[in-house]
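Student: Dropping a structure here in structure tokens format, bear with me for questions.
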Amino acid sequence: MHHASAPPAVRVDAVRARLTVAAARRHRWFLGVLAAGAVLRVLAMLGYRPALWFPDSYTYIVTVFRPRPDLVRPAGYSAFLKLLEPFHSFAVVTGLQHLLGLATGVLVYLAARRAPWGVPRWAATLATAPVLLDAYQIELEHLLVSDTLFMFLVVSAVVLVLRGDRRVVAAGLLLGAATLTRTVGLPLVAVLGVWFVLRGRVRPAGVLALAALVPVVAYGAWFSATYQRLGIVGANGAFLYARTMSFADCAEMNPPADLRVLCDPRPPERRPPSQEYLWAKDSPLVMLPGITFTAENDGLAGRFATLAIREQPLDYAASVLAELGRTFAWGRPVYPDAEIYGYYEFPAASPPPPGRWEAQLGVDMGRRYEGGEIGTEVAEPFAGWLRAYQDVARLPGTVLLVVLLVPPALAVVRLRRPGTRPGGWARSRRTGTPDRPIGGAGPAWLPPWSVAVTLLVVPAAVAEFDYRYVLPAVPLACLAAVLAGRADLGERDQFGNDIPRNVQV
């Protein structure tokens, strides 16, 4: 008696199903963390409908309907909102931002797991935990601000750089888009370009820079045509002025007469946080004729700031270090003030309209975007669960500091080992052949690590510390740490056999 065999299509489907199950088992820890992150984001969507608002949100919405470069921030996030405007739903915006947060975790995991470094699955999963599970990361994704989009663009660019030279055009375009989302993206082009140069890959460095600068220059032309000024924003001098007011002493600087109008007679220890010099009505800069960010006012502020840095370099350095030090505090002290700090916490009640930044035009445009009234509905018990979660689930700044110190510390240790070459890589114990990650000499952890450090240092140097500026650096810092430690973590292949460890960085 003959038994009919299964059709070929059925056999193929069965094989695919078994392979899928096997893959899910191999990556079960990561899939579990990813699922937990998805559940938390669903709670945010249910508990705070449809979105949480920040003072900057209203400016972004106005630019959606009145397309023109903004003097303070580039229009990349507004372009993102414009793409979603046909849905007339801020819930769609926050939902997509939550998906970008989850996608960032997936990118970190895949980058860590990719050959030739092959970080163990448990370590790669651990690297994704902060971006997937940190309550403040989830809250940031639910805010109508640019940081989640910026984070995704930067992490995507770094992951492409780790893939090798052939993806530099895509990486450059992503960095250009990131720069037009937050201006701190621009120095990242130089940081990653230097990485290629150090590996003797000058041509890819040039291609990366060119691809990144094409959209930036195009936007700059639009900005110049609108304001008859060079640049992509018109507030660099004002922000640097605000930064220097934490230490600037006119008695020591002896500024010329036209700059003395920007002096603050109060001693530095009695002055308000730096941001107050941009927005407070009694700020010397705000009291100048015209709007704060005219070419004349911004130029005057920039000259004052340059003079302060030149005449008080040690005070400036100390101020930057103090501002950067806020990033690594164990606790989470209120800063820069209770109002701004409150926007980063899941609220217990519907937040009131913005205070000092209130713009009725932004509110009206928000209603037009939504197709109805705007605001935030707090729905229990989902909102209460998230508030309780936020009380305990965050990455302390001190832990972030430790994560950042892991790669350079391991590099120093390995340089002292016999057989390690100055370039930061060594020969395999098993084969004796050099292990060259991503096509050339150099530690694979350096691109994500240097980008993470840049994202933390630049705001402290030219603006001020802000809790939301820290979060985009976290997934890159974690990726760098596991890539740096991959030689000591051990790994098993798909058959359960030990994979020999290398001593390369």
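Student: How many Å³ per residue does the convex hull of the Cα positions in the stretch 210-337 occupy?
Tutor: Convex hull of Cα atoms, per residue: 150 Å³.
Student: Full-extension gain between Ala91 and Asn254, please, as 0.36 nm times their residue separation minus the C-alpha to C-alpha distance.
Tutor: Full-extension gain reported as 53.4 nm.
Student: A further question follows. Give a quick list of trypsin sites (Lys or Arg not before Pro) in the stretch 278-355 that DSSP marks as loop, anything other than H, G, I, E or B, with at most 11 other Cβ atoms within 10 Å.
Tutor: Listed in order of number, the matching sites are Lys281.
Student: Quick one: which residues, 5 or more positions from Ala51 or on another chain, have an amide H under 5 Å from its amide H? H modelled 1.01 Å from N in the peptide plane, none for Pro or chain starts.
Tutor: Hits under the 5 Å cutoff: Glu377.
Student: In whole Å, what are the extents of the stretch 26-72 along the principal axes defined by its C-alpha atoms, from largest to smallest?
Tutor: Principal axes ranked by extent give 49, 25, 16 Å for the Cα atoms.
Student: OK, next. How far apart, in nanometres, would the label points at Val261 and Ala348 be if each is projected 7 angstrom from Cα along the Cα-to-Cβ direction?
Tutor: 4.7 nm
Student: Here's a follow-up. Can you tally the net charge around Asp70? Count Lys and Arg as +1, Asp and Glu as -1, for every other residue whose Cβ sits under 15 Å from the Cβ of Asp70.
Tutor: Within the 15 Å Cβ shell, the charges total +4.
Student: Between the alpha-carbon centers of the stretch 223-265 and the stretch 373-415, tell me the distance in whole angstrom.
Tutor: 34 Å
Student: Now for a different question. Hey, rough spin-label estimate for Glu380 and Arg270, points 7 angstrom out along Cα→Cβ, what's it come to in nanometres?
Tutor: Using points 7 Å along Cα→Cβ, the separation is 4.6 nm.
Student: If each of Ala221 and Tyr335 carries a label point 7 Å out from its Cα toward its Cβ, how far apart are those two points in nm?
Tutor: 4.2 nm
Student: Using r as the Cβ-Cβ distance of Leu324 and Leu405, and R0 as 22 Å, what FRET efficiency do you calculate, to the nearest 0.05?
Tutor: 0.95
Student: At a Förster radius of 41 Å, what calculated FRET efficiency corresponds to the Cβ-Cβ distance of Tyr389 and Val169, to the nearest 0.05?
Tutor: Efficiency for this residue pair is about 0.50.
Student: Over the Cα atoms of the stretch 66-125, compute the convex hull volume and normalise it per residue, giving Å³.
Tutor: Convex hull volume per residue, Cα atoms: 133 Å³.
Student: How charged is the neighbourhood of Met253? Take every other residue with its Cβ under 13 Å from the Cβ of Met253, and add Lys/Arg as +1 and Asp/Glu as -1.
Tutor: -2
Student: Once the mean 1/r over all distinct Cα pairs of the stretch 40-156 is inverted, what Kirkwood radius in angstroms do you read off?
Tutor: Computed over Cα pairs of the stretch 40-156, the Kirkwood hydrodynamic radius comes out at 15.3 Å.
Student: May I pose another question? Hey, could you get me the Stokes-Einstein D for the stretch 97-234, Kirkwood radius over alpha-carbon pairs, 4 °C and 1.567 mPa s, rounded to whole µm² s⁻¹?
Tutor: Calculated translational D: 80 µm²/s.
Read the figures in this text as sums done on the coordinates, not as results from a lab. Since the model is a prediction, treat every value here as computed from it, not as a measurement. We place every Cβ from the backbone using ideal geometry, glycine too, and count neighbours over all the protein chains shown.
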